[in-house]
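**Student:** Dropping a structure here in structure tokens format, bear with me for questions.
Each reported figure results from applying straightforward, stated rules to the coordinates on display, with no laboratory input. Since we're looking at a predicted model, the values are computed, not measured. Virtual Cβ from ideal backbone geometry, glycine too; neighbours counted across all protein chains shown.
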């Protein structure tokens, strides 16, 4: 076991990984109009700058978790950073739509190795003490909005004063530092024997990509067109094939019986719907600030700082206290309900609106909801798997959030387009499209609150928690389960 000081330095590196993974989704938000102009993206296809990353990220996370279990969490952590570095260099140098999207997918593949190995390493380092584990999860969780904060602000500053390719080049020195520091700070992690389910990885990733593409392209081709039905039918067939493969393989990517572990499926569903509500809100809020209210890149990034700073503070200070007082289920349900209210408030935004009336108060409410919902649903999900499948559980919960994000954004992009969000230069049409997307995202958050209230269990479970370096500690699992 690492010394106490080294453990907390290791947590800093793990939090940095979470910070960068999330920053790579948020930093492009403010830069989107500039990327659109330079690379000739259409308004509708612009979401693929985000979705190419998230589909690769979400689709490969289960594979990343499995590789973490097979080859050791630290090795996959370092490998992920190397891949992210390569994708970042290519994304910054891209001169065409195709190269940009391919590079974003490579970035997502790197993140798919980093995220599950990071959570596995965290559980190994802090799982022995339930109080330290809660504190470590809170700091880990706060790194996500910190990455969002840095992303929107740095994205604005870099885009305005340098150029948008530098939003990707920023990853390179951080990746080099992480690759150098990891061997000295991180435990290697236990390795297990088994095979890699490449067929499962290919079918789930291509199936998700086809599903997202079909939803995004449907407004252009029509929901009843043969192209739409062919793409969505292909997606359905691929995802069904993935489920069949998982059921017959001796060493599947996702052991389907794992989903029967108490609270695992409901907690992952909560994470999926949380991403499906939050990411479309963030995406269209960036566009509303710049394309309707007329904000330049840097002011648009600064406008989102209060929201993301509040999320960080609430995750570190408020969420652990509320969980300790009321339990994970009540905190998750309350957070999702508050998030629905905040996003619903954004749906009242006006073409001639103002930041103080139409944006700031609604985003602060949404921030509280996000902070309260994220930590307990994450903790519940990663504590439900057996010790030998800690990487898989970490990959699964990250998959749930990222796939939910991609599908939610695809669906809300289709909704926004159908209400006129493609009419650049027309504030009224743009606002109508954006507010329709906010309404849909609020409905998803409300649905998540209802499902969490009816499916999450409040009783303590005997399901084991992911392992520490030397032993499995039941007290830590009990603290998470409330």
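**Student:** If I stretch the segment between residue 199 and residue 172 completely, what's the gain in nm (0.36 nm per residue apart, minus their alpha carbon distance), one decimal? Could you put the intermediate results ahead of the total?
**Tutor:** Values: separation 27, 0.36 × 27 = 9.72 nm, distance 3.16 nm.
Fully extending the segment from residue 199 to residue 172 adds 6.6 nm.
**Student:** Quick one: order 132, 220, 100 by neighbouring beta-carbon count within 10 Å, fewest to most.
**Tutor:** Ordered from fewest to most neighbouring Cβ atoms within 10 Å, 132, 220, 100 come out as 220, 132, 100.
**Student:** Taking 0.36 nm per residue of sequence separation and subtracting the Cα-Cα distance, how much length would be gained by fully extending the chain between residue 260 and residue 224, in nm to one decimal? Kindly include the intermediate steps, with their values, before the conclusion.
**Tutor:** Numbers: separation 36, 0.36 × 36 = 12.96 nm, distance 3.65 nm.
Answer, rounded to one decimal: 9.3 nm.
**Student:** Relative contact order for the chain using alpha-carbon pairs under 8 Å, separation at least 6, rounded to a whole percent? Working shown, then result.
**Tutor:** Working: 995 pairs, mean separation 116.3, N = 482.
After rounding, I find 24 percent.
**Student:** Taking only Cα atoms, what is the 0 to 90° angle, nearest 10, from helix 360-382's long axis to the longest principal axis of the chain?
**Tutor:** The answer is roughly 30 degrees.
**Student:** Output the 0 to 90 degree angle, nearest 10, between the alpha-carbon long axis of helix 328-346 and the longest principal axis computed from the alpha carbons of the chain.
**Tutor:** It is inclined by approximately 10 degrees.
**Student:** Next up: Report, to the nearest 10°, how far helix 427-455 tilts away from the longest principal axis of the Cα atoms in the chain, using its own Cα long axis and a range of 0 to 90°.
**Tutor:** So the inclination is approximately 20 degrees.
**Student:** Given labels modelled 7 Å from the Cα in the Cβ direction, how far is it in nm from residue 42 to residue 249?
**Tutor:** 3.5 nm
**Student:** Taking the beta-carbon count within 10 Å as an exposure proxy, list 329, 250 from fewest neighbours to most.
**Tutor:** Working: 329 25, 250 7.
Lowest count first: 250, 329.
**Student:** Next question. Could you list 53, 295 in order of exposure, starting from the residue whose Cβ has the fewest other Cβ atoms within 10 Å? Don't skip to the end; give the middle numbers.
**Tutor:** Working: 53 28, 295 20.
Fewest-to-most Cβ neighbours within 10 Å comes out as 295, 53.
**Student:** Once the piece of chain linking residue 99 and residue 131 is laid out straight, how much longer is it, given 0.36 nm per residue of separation minus the C-alpha distance between them?
**Tutor:** On the way: separation 32, 0.36 × 32 = 11.52 nm, distance 4.59 nm.
Additional length available on full extension: 6.9 nm.
**Student:** Return the calculated 222 nm mean residue ellipticity for the chain, to the nearest 500 deg cm²/dmol, obtained by summing -39500 (n - 2.57) across DSSP H runs with n ≥ 4 and dividing by the residue count. Write out the running numbers ahead of the final one.
**Tutor:** Details: 18 runs with 365 residues, N = 482.
Roughly -26000 deg cm²/dmol at 222 nm, from the helical runs in the chain.
**Student:** Quick one: grab the alpha carbon gyration tensor of the chain, order the square roots of its eigenvalues as a ≥ b ≥ c, and give me rounded if a/c is under 1.5, else prolate or oblate depending on whether a/b is larger than b/c.
**Tutor:** Values: a/c = 1.42, a/b = 1.35, b/c = 1.05.
Judged from the Cα gyration tensor, the chain comes out rounded (a/c under 1.5).
**Student:** How many nm separate the modelled label positions at residue 354 and residue 326, each set 7 Å beyond the Cα in the direction of the Cβ?
**Tutor:** Label-label distance for residue 354 and residue 326, simple model: 3.3 nm.
**Student:** Among 300-309, 117-126, how do they line up from the highest to the lowest mean number of other beta-carbon atoms within 10 Å?
**Tutor:** Details: 300-309: 21.8, 117-126: 28.0.
With the highest mean Cβ count within 10 Å placed first, the list reads 117-126, 300-309.
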